[in-house]
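Every number here is computed from the coordinates shown, using simple stated rules; none is lab data. All of these numbers come straight from a predicted model, not from anything done at the bench. Here the Cβ positions follow ideal geometry from the backbone for every residue, glycine too, while neighbour counts run over all protein chains shown.
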Amino acid sequence: MKVERGDRRLLMFQEIEKGGSGEEIAEKAGVSRTAVWKFVRRLDELGYEVEVDRRRGYRLVSSPDPSPFHMALAALKIPGVERYYHFEEVDSTNRFAKEVSNAVVFSESQSSGRGRLGRRWESGRGGVYMSLSLNMSIPVSEIPKVTLLTGLAVCKALEEYGARIKWPNDVLVGGKKVSGILSEFVGEEMAAKVVVGIGVNVRNRVPDSLRDRAISLHEVDESVRITDIFTRICEQLSNLLSAFPQKWGEILEEWKRLSDTIGREVRVSLYGEEVVGKAVDVDADGGLIVVSGEGRRKVISGECFYTNY
Ligand code: BT5
């Protein structure tokens, strides 16, 4: 399903959610009464329950989870986002997002979810698998900042679960990975498309092979809803992206406040090279500062392991 900014279905949906007669809804959304009636039938097919009363008209009683229309409304509030794609299944939302612009892509499951460096992201039904594809005129060197910003957005969206960020891109709940972020970059310097993919375990079951290091939110909150987690992530992304890059200093301070990595003994590996020591800070570029007997080193990206865990 594809929903564009200003789509009349969104207007109808918002009116039906509030409740009103077919005539009122048609007028407010600028469509015919037949269009409203057809849309209500479509909502029914999608799993929404709409009460139809001869006198009072239509009213939304319950929504499926995930709820595509609530999610489209949340996604289209992100600055720069013009369209929302909702799939039941896709190979990878990042792969799809590279082919579109200024869009949010969501899928209920992925057949080839991707992690970094060609790794796999387990993407069974029940998770949030989303990608944000934005044309941004920023230099390539700024991409790590967008990754950090996205990690912060996810972490803040999951703050009630005590989420923390493990540098550079993992979000942890109870010390286990609940979310991963994959940023990709298409195009040229200053005229690029940034694709940030976010995977969050919400109601999906984490495979047994990962249970010692991964967690799904339903394990700590039985009633968690995919739609709510997605919506909160979009809200946080909206706030942070509207503050970026002007307020990068403040974003970074907040990132540090929620960091799980600063203060820990770490081993960071990048293309075969290893840096071992204590993670003491994240600098203005988003690089991790590691101090060891050999001095102070800055690591721009890489794999981070805790050695005193
Ligand atoms: C990541 O990679 O953490 C980035 C994951 C990004 C996934 C999103 S989903 C939407 C979008 N579309 C895509 O195709 N991808 C993005 P990395 O740091 O390389 O971590 C991968 C490692 O995490 C794997 O090797 C496993 O050990 C572990 N892992 C795999 N699936 C997991 C899951 N569902 N939950 C927690 N850990 C997982």
Compare the Cα positions of Pro168, Gly293, Ser223 along the charge dipole of the chain (+1 at Cβ of Lys, Arg; -1 at Cβ of Asp, Glu; about the Cα centre) and return the one farthest towards the positive end. Ser223
Return, for the Cα atoms of region 155-218, the radius of gyration and Dmax in Å, separated by a comma. 14.1, 43
Please list, in chain and number order, the residues 5+ apart from Val178 or on another chain whose amide H is under 5 Å from its amide H, with Hs placed from the backbone. Val171, Leu172, Val173, Ile215
Expressed as a rounded percentage, what relative contact order does the chain have, with Cα pairs under 8 Å and six or more residues apart? 14
Estimated dipole of the chain in Debye, rounded to 20 [Cβ of Lys and Arg +1, of Asp and Glu -1, Cα centre]: 220
Highest-fluctuation residue, Gly175, Gly151, Gly127 considered, GNM on the chain with Cα pairs under 10 Å: Gly175
Just tell me which aspartates and glutamates come within less than 15 Å, Cα to Cα, of Lys28; anything on the same chain fewer than 8 places away is out. Asp7, Glu15, Glu17
DSSP beta bridge pairing in the chain, given as percent antiparallel to the nearest 5: 85
Size of electric dipole in region 101-232: Cβ of Lys, Arg +1 and of Asp, Glu -1, about Cα centre, debye, nearest 20: 260
Just check region 73-148 against the gyration tensor rule for me: Cα atoms, a ≥ b ≥ c as the square roots of the eigenvalues, rounded for a/c under 1.5, and otherwise prolate or oblate depending on whether a/b exceeds b/c. oblate
Mean-square fluctuation maximum in Gaussian network of the chain, Cα pairs under 10 Å, restricted to Met12, Met71, Met130, hits Met12
Fluctuation leader among Trp167, Trp37, Trp248 - the chain, Gaussian network, Cα springs under 10 angstrom: Trp37
Going by a ≥ b ≥ c, the root eigenvalues of the Cα gyration tensor, does the chain fall in the rounded group (a/c under 1.5), the prolate group (a/b larger than b/c) or the oblate group? prolate
Cα long-axis angle, helix 8-18 against the chain (0 to 90 degrees, to the nearest 10): 80
Gyration tensor verdict on region 177-300 (Cα atoms; rounded if a/c is under 1.5, prolate if a/b is larger than b/c, oblate otherwise): oblate
Rounding to the nearest 10 and keeping the result within 0 to 90°, find how far the Cα-based axis of helix 33-45 lies from the longest principal axis of the chain. 50
If I fit a long axis through the Cα atoms of helix 226-243 and take the longest principal axis of the Cα atoms of the chain, what angle between them do I get, 0 to 90°, rounded to 10? 60
Exposure proxy check: Thr150, Thr34, Thr231 ranked by fewest other beta carbons within 10 Å? Thr34, Thr231, Thr150
Expressed as a whole number of Å, what is the distance separating the alpha-carbon centroids of region 191-265 and region 33-71? 31
